[in-house]
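A quick write-up on the structure given underneath.
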Amino acid sequence: MLAIAVGVFNERGYDGTSMEDLARALGVTKSAIYYHVPGKEQLLARALDRALDGLLVLIGDERATSGPAIDRLEWVVRQCVRTLVDRLPYVTLLLRVRGNSTTEQGALERRREFDAFVHHLVGQAAAEGGIRPDLDPALVTKLLFGAVGSIAEWDRPASGGSADALADLLVTMMFDGLRS
């Protein structure tokens, strides 16, 4: 049910999706959906949790917290690409959230927690000399994760490459220009 609902949300937009749209896509009645969830916002919450849980688990991983900051940053970027590819519809939905509901605001707050972690990591990499000193860490953070996030708009399972190959390509392109 959740996967189909996420597909409809991504196609029509969350605000543009009615319970009738979800019932039609699922091939059930609205009351059948209400038997499982109180409403579409609960489906949205579950979908956003699926995307965010995949990202926030990275913060506590030892590979993101010990060692040279540039290596930790590279590992985080690789894992973000893998998470995005593995959970593409869910992360796509997360990237389109604008804060129009309490659920969306909560998701954005959790996403800001991840963004702050990465921003700090980029700052550490700069302080350690792992990133060229002429690059602004805030801009580096935005560019790195803008590139990762853009995958949601152009990568489809039919593109043929694995998540690891895509991560390798992105890291090579981005990090070769960052290393000092």
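Since every read-out is calculated from the coordinates, none of them should be taken as a lab result. Quantities reported herein were computed from a predicted structural model and do not represent experimental measurements. Heads up, the Cβs are rebuilt from the backbone with ideal geometry, glycines too, and the neighbour counts pull from every protein chain shown.
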Could you tell me the center-to-center distance, by alpha carbons, between the range 137-156 and the range 109-126 in angstrom? 14 Å
Residue-wise HN-Hα coupling along the range 107-120, computed from phi with Karplus coefficients 6.51, -1.76, 1.60 (Hz; x: Gly, Pro): 5, 5, 5, 5, 5, 4, 4, 5, 4, 5, 4, 5, 4, 5
For the pair Leu2 and Ile59, the simple spin-label estimate (label points 7 Å beyond Cα toward Cβ) gives in nm 2.0 nm
Describe numerically, in nm with one decimal, the distance between label points set 7 Å from Cα along Cα→Cβ at Phe175 and at Tyr34. 5.2 nm
Here the relative contact order (percent) of the chain, from C-alpha pairs under 8 Å and at least 6 apart, is 24 percent
Taking the chain as the reference, fit the longest principal axis to its C-alpha atoms, fit the long axis of helix 69-86 to the helix C-alpha atoms, and give the angle between the two in degrees, 0 to 90, nearest 10. 20 degrees
With a point put 7 Å past each Cα toward its Cβ, work out how far Trp154 is from Arg46 in nm, to one decimal. 3.4 nm
Residue order, fewest to most surrounding Cβ atoms within 10 angstrom, among Leu43, Leu170: Leu170, Leu43
Check: C-alpha center the range 5-50 vs C-alpha center the range 53-79, spacing in Å is 33 Å
Quick one: angle between helix 40-56 and the longest Cα principal axis of the chain, in degrees between 0 and 90, rounded to 10, please. 20 degrees
